[in-house]
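Scroll down for the structure; my scribbles are underneath it.
The values are calculated or read from the model by the stated rules, or taken from the named source; none is laboratory data. This one's a predicted model, so the numbers in the text were calculated from it and none came from an experiment. When we count neighbours, we look across all protein chains shown, and the Cβ atoms used for this are built from the backbone with ideal geometry, even at glycine.
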Amino acid sequence: EIEDTPDFQSVIGIQPIKLNDDPTFGTSICCQCSKSVYPMDRVCANDKVMHKNCFRCCECQCTLKLANFAYNGGKFYCETHFQQKYTA
């Protein structure tokens, strides 16, 4: 028997997922270079879709990872440059 509690419904969702409304599905446009991004080369951070190679610090251009980046004012930063710029 499938559990049918409100908590369970919130996990599985009450409405079906609409793939056309999902910005991470299919081909998207990179917010950094404005070229097509295919699913295998995609990073989605702060609701912005980009190529893995375009996901870089705006100061030093090092490649960022989802586990260690900062975002402020529409720009992505590595932890080092974010701290230098905003905690000094």
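Filter the stretch 51-63 down to the residues that are within 21 Å of residue 41 (Cα to Cα), in contact with a helix residue (DSSP H, G or I) (Cβ under 9 Å, 6 or more places away or on another chain) and touching a residue at least 24 places away in the same chain (Cβ under 8 Å) and list them by number. Scanning the stretch 51-63 gives a single hit, 57. Close contacts from the stretch 64-83, counting a first residue that is exposed (fewer than 11 other Cβ atoms within 10 Å of the Cβ) and a second that is of a type in the set (A, V, I, L, M) and outside any helix (DSSP H, G or I), with Cβ to Cβ under 7 Å and a gap of 6+ residues or different chains, come to 66/43; 66/45.
Just checking, how many residues over the stretch 27-48 are in a strand (DSSP E or B) and hydrophobic (A, V, I, L, M, F, W, C)? Here the count works out to 5. Taking residue 15 as the residue in question, decide whether it is part of a loop (DSSP other than H, G, I, E, B), over 19 Å from the mean Cα position of the chain (by Cα), at pLDDT below 95 and not acidic (Asp, Glu). Judged against the criteria, residue 15 is a match.
Being surrounded by fewer than 12 Cβ atoms within 10 Å (Cβ to Cβ) and over 21 Å from residue 85 (Cα atoms) is a property that does not hold for residue 41.
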